[in-house]
Every structure is written in C-alpha cells, then in structure tokens.
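Structure, as structure tokens:
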C-alpha cells in the first residue's frame with residue numbers, strides 16, 4: 001500500500017512535470033505506468049479500494065475545518081492543496097474535482113510523470129513535481145496530505161517538519177499510515193503481501209509508526225493531532241472507517 | 001467543443017427518464033438518448049399498459065417533483081385478491097388502515113407524460129429523441145455514443161437503460177441467466193359495469209396469471225381496470241387474431257361476472273414473457289438499470305418498481321462519489337451499486353419466478369395444494385406482512401430516495 005517511494009536523499013533533481021513537456025517516446029512509457037496505477041484490478045488495487053474510505057474521512061475533515069456545506073460539490077474551491085507521495089494522482093484528481101488548486105509531489109520521477117500523463121488525459125490542471133518535499137521550494141498550502149507515505153520514510157521527524165512547513169496559517173493536514181501492531185504485521189505483511197493483494201516488499205513493519213509516536217512528532221512540529229480513526233477491514237464491509245486503530249489509521253493535524 | 005456530461009443514459013423509457021430526473025436533482029447532468037419518438041409514445045391509445053407503483057417508488061417520484069402532476073392519475077390499490085382459477089378459497093392482502101395502500105395504478109401513458117414534461121423543463125437533461133445509437137465507446141477517460149445523425153455525445157459514465165434487449169449490455173458481454181416462459185402477456189384496458197372497489201385481482205390459471213388491476217374511472221364515469229392475461233405462446237397467435245368481441249368473450253370466461261359487463265377501452269397489445277438476470281450489472285464506465293439488468297415476469301407488478309429501486313441506489317452512490325471527488329466511472333463506486341442491487345433483485349425475481357411456477361402446474365392435485373397454500377398464507381400473518389411489504393417495495397435496504 002504505497003503512494004510513494006519517498007526516501008530522504010539530498011540533491012534530488014526536481015522539476016515541474018506536465019503531460020505536454022514529456023518527450024513522445026517517454027510519454028508512451030509513462031502512459032503505460034499510469035494505466036497500471038489507475039487499473040482498479042492492477043497492482044494498486046488496494047489503494048483503489050482504500051481511496052473512497054480515506055476520501056470519506058478527508059471530506060468530513062474538510063467540512064468540519066472550513067465549516068463547508070456537506071452537500072457542496074466544490075468545498076475546496078479557492079483553496080490550494082499539496083499531496084505528498086502522490087503516486088500517479090489517485091488522491092490529487094479527487095482533490096481537483098473538489099475544487100482545489102492541486103500540487104502533487106512524488107520522490108519517484110516516474111510516478112510524477114505518470115500522474116501528469118493521466119491528469120492531462122482526464123482534463124485536470126494539476127502541478128506534479130518530482131522530488132523531496134523538504135528540498136523543494138513550494139510555498140504553503142491550505143490542505144496538506146500524505147497518505148500511506150510516512151511508513152516509507154526513514155527520517156520521520158524531518159519529514160513531519162517538512163510537511164508542517166508547507167502548511168499555510170489556518171490550514172489542515174491529513175495523514176494516514178499503518179499502525180505498528182501484531183495485527184498489522186500479520187494482515188498487511190503476512191497475509192496481504194503473501195497472497196499478492198499488496199505488492200511484496202511494499203512495507204517494512206519496523207518502519208510503521210503508532211498514533212502516539214505520530215502525535216509526538218506532530219507536537220514537536222507545532223501541530224495538534226486530531227482524534228485518529230481506524231481503517232478496518234471486514235469481509236462483509238471491505239475497507240471501512242472504524243474505531244479500531246490496529247491496522248491502519250487516518251488523522252488530522254493543524255497548527256496550534 | 002463537445003458537451004461532455006456526467007451521464008450518458010441510453011434508453012429513455014420510464015426507468016431511464018426517472019434516472020435522468022433523479023440525477024439532475026443531485027446536480028448531475030445527462031445526455032438522454034431514445035430511439036422512439038416522444039410524441040408517439042404519449043399519444044392516446046399507444047398502448048394499454050399500466051404499472052403498479054409501489055409505495056417506495058411513489059416516494060422516488062415525489063423526490064423528483066412529480067407528485068403533484070401524477071397524484072390525480074393514480075388509483076389506489078386497497079387490496080390484492082388472489083384466486084386459483086375461479087374456485088373457492090381466496091387469499092386477500094388488505095393492509096390495516098394505518099398501514100396505507102399497497103401501491104397505486106397508473107396508465108404508463110400518464111407516467112410518460114409527467115416524466116416528459118419534467119425532463120423538458122430540466123436544464124441538466126439534454127434529450128435526444130427519436131434517434132438511433134450507431135456505436136458506443138467506453139474508454140479510459142470517458143464514454144461516448146455516436147448517433148444516427150452523426151452527433152457524438154460524451155460523458156463520464158454510460159448507463160444501459162434500453163430494456164430487455166439492451167445493446168450496451170450485449171456489447172459488454174454480460175452473461176445472462178435467462179429462460180423463456182414461452183408465454184405471452186395480452187394487455188388491454190377494460191371498462192366494466194361494476195366498481196372494482198380498488199381491488200387488484202390475480203386469478204391463477206395453469207397457463208399463467210390473469211390479472212385485473214384497478215384504474216381510475218374514465219371521463220364519463222366508466223369503471224376501469226387494466227387486464228394482463230398470460231397465455232401459452234402456442235395459443236397466443238390464435239388469441240391475437242380474435243375479434244374484439246370474441247376476445248372479450250374469452251376474457252369473460254376467465255373472470256366471470258366479477259366486474260359485470262365488459263368493453264375494451266384501448267387497443268390490445270402483447271408482450272413475450274421471459275426471465276433474465278445478470279449478476280454483473282457494471283463494467284468499466286457502464287452501469288445497467290431496469291430491465292437491461294433484470295427482465296422479469298410481470299406477475300407481481302414488480303418490474304418497474306425494481307428498476308426504480310436501481311435508480312434510487314445508483315443516484316445515491318453517484319451523489320456520494322461527487323461528494324468525495326471520485327470519478328463517476330470509478331470502479332469502486334460502481335462496485336458499490338452492484339453489490340447493493342444484487343441481492344434485492346434476485347430476491348424479488350426469485351419470489352416472482354417461483355410464484356409463476358407454482359401456479360403454472362396443471363392438474364387437480366396441484367390446484368388443491370395451491371389453495372391449501374393460499375389458506376396457509378391467509379392464516380399466517382407474518383407471511384402476509386412479508387408479501388405486502390414486498391408489494392409495497394419497502395423491505396430490504398432502501399436507497400434514501402425511496403424513503404419517506
């Protein structure tokens with residue numbers, strides 16, 4: 001379950017990527033990559049299933065934070081959003097539909113390029129940038145998201161600080177990540193990767209972070225963490241928001 | 001510059017058009033395409049078909065703003081009486097006064113008139129009819145249809161609402177469980193001298209059910225009912241050839257003096273009956289609604305109601321997709337619709353199909369068993385409540401649009 005392959009490196013080459021500036025021979029390659037990312041039955045199948053669940057949490061958080069009409073079609077109109085570890089844009093495109101001016105960042109240039117190719121086809125004006133969020137001069141954003149990313153990052157403190165620096169005054173941050181529990185070890189690595197629901201080697205359990213640890217990191221960065229919600233799985237309901245944080249959780253943060 | 005919309009609805013029948021209207025109420029724009037000329041569909045005497053609108057379906061019409069237009073044209077069904085041929089022993093479904101009616105009968109023509117009028121006024125609906133669809137395309141980022149006049153219509157999601165022979169379903173390659181009842185329904189409107197007292201009659205013959213559905217009185221106070229008479233396919237040609245007078249004599253043989261003297265008040269039409277069901281009702285950027293997904297025997301009047309439940313569920317799922325910023329063609333969104341509808345349609349269809357089969361077995365013993373069974377149902381109140389709730393369409397997990 002990975003939107004990103006963010007690894008802290010210095011001197012990452014960075015640059016804005018758009019569908020139009022990619023060379024034709026490369027476009028075909030990135031198009032293929034994007035197709036796989038966006039194939040609901042492809043290797044990102046679990047992310048596709050996760051998407052409505054995390055968007056449900058995100059929508060509630062947006063409505064509460066900015067006191068939006070819950071029926072509004074474009075609650076993020078006039079607002080800027082940054083998705084860190086954007087992959088091929090599975091979250092960026094919904095944010096754009098909700099009205100936001102969206103920037104997606106991914107450490108893997110291939111992902112950012114694939115995202116740009118897909119956005120162009122779908123008719124979205126989204127800015128995709130390859131690079132490290134900490135090393136890029138991006139300005140600040142009303143909404144900052146990093147979904148299923150922090151578990152892949154080695155220096156979590158620096159990563160959280162970089163996210164906090166991108167948050168505009170009065171802004172909202174939303175993070176999701178697997179919890180470090182025996183259940184997540186058994187289900188996400190043992191079972192899900194074992195049967196191929198999640199590509200093998202996606203996760204390293206030791207790198208997972210508990211809600212308490214995340215709270216402490218956010219606190220250091222001057223942010224208050226909201227009440228975390230679990231993302232659970234049951235055969236009947238599939239993935240769903242739950243009170244059980246054992247597997248995966250999603251949480252808001254805002255500046256004090 | 002093409003006019004890309006949210007939905008491309010293929011088929012502008014009762015279900016397709018209600019979908020376009022219900023979607024528009026949620027802010028979803030649509031192209032609505034139908035091959036038939038709207039004017040001929042609403043012409044007087046186009047067909048004598050009528051529909052039982054369940055309580056749940058009525059709520060959907062209310063949500064899309066048709067209540068006022070339709071209210072004066074509906075005839076309440078106060079009770080359903082079931083007979084095994086014209087033999088003794090009768091099964092009555094009559095709700096208590098506080099439980100409300102079992103549904104209302106409408107001439108399909110009145111439903112069409114109300115829907116057409118509302119669709120014309122709705123700016124979010126772009127209505128293309130009469131026109132043929134030459135080709136359909138579902139690609140990565142959207143869907144399109146090329147029309148007979150060369151127009152290309154684009155949208156995010158294609159909806160197959162063309163009815164039983166749905167070309168969009170055929171193209172998607174869905175496998176249908178289907179069988180032919182090898183029966184044909186004869187449909188016409190009757191005037192009769194006695195009042196129907198708002199009772200719907202289902203008289204079961206080995207050939208199939210003979211149903212009389214109460215309609216509003218005619219302009220000169222004539223009492224009226226709609227007739228749905230199922231005959232074996234091998235006898236159908238003969239029945240179709242009968243003169244009106246001989247046809248009425250055959251009808252009278254089957255219902256006796258239940259409603260007094262009979263005359264025809266519409267042209268006679270006939271429809272072959274079959275059972276169709278597909279477990280898969282969605283594909284890449286395609287969702288099926290109504291008879292495209294499930295054709296059924298009209299025995300219990302549930303076909304249209306089932307289609308309207310599809311509409312309620314699909315619109316609710318799409319509305320949620322809009323709230324979350326998801327693509328309307330998103331596979332997870334469509335999977336939710338499919339999962340929601342699968343159980344409900346199979347349950348209603350299974351019940352209807354077994355009803356047809358139970359009453360389709362000829363012979364005295366079978367008839368006695370049937371009457372015994374009917375007496376059993378008559379005595380068991382929870383079973384009656386179940387049947388009445390099914391008729392009203394209020395059991396199961398209802399979409400918001402079909403709730404009060």
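May I ask you to list the residues in the stretch A:104-116 that are surrounded by fewer than 24 Cβ atoms within 10 Å (Cβ to Cβ) and either within 11 Å of chain B (Cβ to nearest Cβ) or under 12 Å from the mean Cα position of the chain (by Cα) (or both)?
The answer is none; no residue qualifies.
Among all residues of the stretch B:139-156, there is none that is in a strand (DSSP E or B), in contact with a helix residue (DSSP H, G or I) (Cβ under 7 Å, 6 or more places away or on another chain) and touching a residue at least 60 places away in the same chain (Cβ under 8 Å).
Of all residues in the stretch A:105-139, those satisfying the criterion of being in contact (Cβ under 8 Å) with a residue 60 or more places away in the chain and outside any helix (DSSP H, G or I) are A:106, A:107, A:108, A:127, A:128, A:129, A:130, A:131, A:132, A:136.
Filtered by the rule that a residue be modelled with pLDDT under 85 and in contact with a helix residue (DSSP H, G or I) (Cβ under 6 Å, 6 or more places away or on another chain), the stretch B:58-94 gives B:84, B:89, B:91, B:93. Would you call residue B:248 outside any loop (DSSP other than H, G, I, E, B), surrounded by 14 or more Cβ atoms within 10 Å (Cβ to Cβ) and touching a strand residue (DSSP E or B) at 6+ places or on another chain (Cβ under 6 Å)? The answer is yes for residue B:248. Filtering the stretch A:29-45 to residues that are part of a helix (DSSP H, G or I) and either within 11 Å of chain B (Cβ to nearest Cβ) or in contact with a helix residue (DSSP H, G or I) (Cβ under 7 Å, 6 or more places away or on another chain) (or both) leaves A:30, A:31, A:33, A:34, A:35, A:37, A:38, A:45. Going through (1) surrounded by fewer than 22 Cβ atoms within 10 Å (Cβ to Cβ); (2) within 23 Å of residue A:164 (Cα to Cα); (3) facing chain B (nearest Cβ under 9 Å) one by one, residue A:48 falls short only on (2). Here residue B:36 qualifies as more than 14 Å from every other protein chain (Cβ to nearest Cβ) and in a loop (DSSP other than H, G, I, E, B).
Restricting attention to the stretch A:76-98 and to residues that are more than 9 Å from every other protein chain (Cβ to nearest Cβ), without any contact (Cβ under 8 Å) to a residue 60 or more places away in the chain and assigned to a loop (DSSP other than H, G, I, E, B), the residue that is surrounded by the fewest Cβ atoms within 10 Å (Cβ to Cβ) turns out to be A:78.
Residues that are touching a strand residue (DSSP E or B) at 6+ places or on another chain (Cβ under 6 Å), crowded, with 21+ Cβ neighbours inside 10 Å and within 14 Å of chain A (Cβ to nearest Cβ): does the stretch B:123-137 have at least one? Scanning the stretch B:123-137, I find no residue that is touching a strand residue (DSSP E or B) at 6+ places or on another chain (Cβ under 6 Å), crowded, with 21+ Cβ neighbours inside 10 Å and within 14 Å of chain A (Cβ to nearest Cβ), so the answer is no.
The values are calculated or read from the model by the stated rules, or taken from the named source; none is laboratory data. Note that the structure is a prediction, hence the values are computed from the model and not measured. Using ideal geometry, Cβ is built from the backbone for each residue, glycine included, and neighbour counts are taken over all protein chains shown.
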